[in-house]
Every structure is written in structure tokens, then in C-alpha cells.
1. For Thr178, put the label point 7 Å out on the Cα→Cβ axis and report which residues of region 13-54 keep their amide N under 17 Å from it.
2. Under the √(5λ) rule applied to the eigenvalues of the Cα gyration tensor, what semi-axes describe the equivalent ellipsoid of region 3-134? Give them in Å, descending.
3. Treating only the Cβ atoms of Lys and Arg (+1) and Asp and Glu (-1) as charged, compute the dipole magnitude of region 137-217 about its Cα centre; round to the nearest 20 debye.
4. Length gain on complete extension for the stretch Ser111 to His134, per 0.36 nm per residue less the alpha carbon to alpha carbon distance?
5. For the chain, modelled as a Gaussian network with Cα springs under 10 Å, which listed residue fluctuates most, Ala135, Ala99, Ala35?
6. Please give the FRET efficiency for Arg222 paired with Arg202, using the beta carbon to beta carbon distance and R0 = 25 Å, rounded to the nearest 0.05.
7. Just from its helices, what would the mean residue ellipticity at 222 nm be for the chain, if runs of 4 or more DSSP H residues each count -39500 (n - 2.57) and the sum is divided by every residue, rounded to the nearest 500 deg cm²/dmol?
8. Mind checking the dipole of region 1-122: about its Cα centre, +1 per Lys or Arg Cβ, -1 per Asp or Glu Cβ, Debye to the nearest 20?
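Please treat every number below as a calculation from the coordinates, not as lab data. The structure presented is a predicted model; accordingly, all values stated were derived computationally and were not measured. Note that we place each Cβ from the backbone using ideal geometry, even for glycine, and neighbour counts take in every protein chain shown.
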Amino acid sequence: MTEDHRLADQVRTLLRNSGRARPFRRGDVLIAEGAPADEVLLIETGKVKVVLHGSNGADSILGFYGPGELMGEMGVMGERPRSADVIARTPGVAVHVDAHTFRTLLRDHPSLSSHVTDVLSNRLVLADQRQRLHASFEVSVRVARQLLSWAQSSGEPAGDGGLRVRGLTQLEIAQFVTASAKTVDHVLKQLRADKLLETGRRSYVLPDPLLLERCLADPDWRPGRGDVSRFSGRPDNFAPPDSTRAS
């Protein structure tokens, strides 16, 4: 076990001993945008998503999180209202630590302070990656790059060298890449036609992730434009987009 893993385990044990575990159901709003920041959550089991409600009525997903993740710490530390919703994607359990206790723990335990600093730093990096992804690529490429990133970071083996991403709806993909569900559906059809993707109910299989990676390394490539077999050789210049877990 690495030093970072030992530190994370120590922090989670500290939070478990200082809070109360409560179950949640799929669809439960664990943190509500605009509400007072009165507690921090440690996700023990299950999966959640962070959702930002736009002024135009459109929702954006900022990230997907699972066991071991800390949620709501920024609002508690800054004593500010919640900036987004945290919504359960599956049933699970979260440890609730009230704001006063959490701030006391931060003061008295340097390990917790260090861990939270690392969490915030990593999330800022991911937010920057996501912003650059949206600014630099059209929707079809954003969808393809994001599916590849999720597959590489948290996918499971599928067939001979393939990777499967489970649990996502097309609407969630659309909200994450900031596009309409209709547009995402069209892009998925193009990727299937290129034989770069196989889909099922909340299941997305990349049968040849390396081939998709090679396609994406070509700045002129777009899904649905024809034969992809001409792409060969692993690119040296491919930079994964946002690896925020989706599993």
C-alpha cells in the first residue's frame, strides 16, 4: 500500500468515527444547490453525480463519484451555500459529518487537511481539462474522447482487448459533454457505424480502444466519415480529456 493510500484510509477512518452512516436511494438529492453547507459527506458505497442547474434550464454534470470520495467540503470550508446538487445514481451509504465537527477535524488533524487539499487540487485539474475539452472540440469528438477516457480510467474488460463503461444514460453523457441528448444519440450511431462502439442498456463497449485513440489523434477525424481501418500505430500526442470516473 502506498503512502497516499494509507493517508486516505486514515482520513476515511477519522471521518467514519466522527459522523453517522445513512443509506440513500437512487435519485436522492444528497446535497441541494443553494442550501446551507451544514455537513460533509463521505461516500461509502454507491455512486453519485454533481449536477449544476443552468439559468437556461439546462443541467450540466460536473463529475461522477463513488466509494471513498468526499463531497461538500468546499461549501463547509468556505461557509458558503451549496453551489450544485449531489444526486445519487445508485443506492448506497454515506457518512454525514456536521460542519462544525469537520472544521474542528481540519484544525486538529493535519492528515485530513492535507487530504482535502489534494482532493481540491485534483478536482481543479479535472475541471480545467473539461473546460479545455469543451472549448477545443466539437460535440462528436467530445463524446468519443469522453467515452475513451471513461473506458481507460474505470472501464472493465470486454472481449478481446475491449473495454466496457457501465451505468451511464445517454442523457448523462449529454449533460457531461454539454450537448443535447438528440445530438449525442446521433454521435453514438456514427460510432456504431464505424464499428468503434457497441451499445446496450446503460452499456458502452469500445471493442478496440487503441483504434479509437488513433482516430482521435488525427485532428481532422470525425465519427461517421468513413473507413477507420487506415489508422494504425499508437499515437504519441494523445492527451486524455477528463478522467472523472463514470463507473
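1. The answer is 50-54.
2. 23, 17, 15
3. The calculation lands at about 200 debye.
4. 4.8 nm
5. For the chain, modelled as a Gaussian network with Cα springs under 10 Å, the answer is Ala135.
6. On the way: r = 26 Å, r/R0 = 1.02.
After rounding, the FRET efficiency stands at 0.45.
7. When only DSSP H runs of four or more count, the value is -13500 deg cm²/dmol.
8. Its charge dipole is roughly 320 debye.
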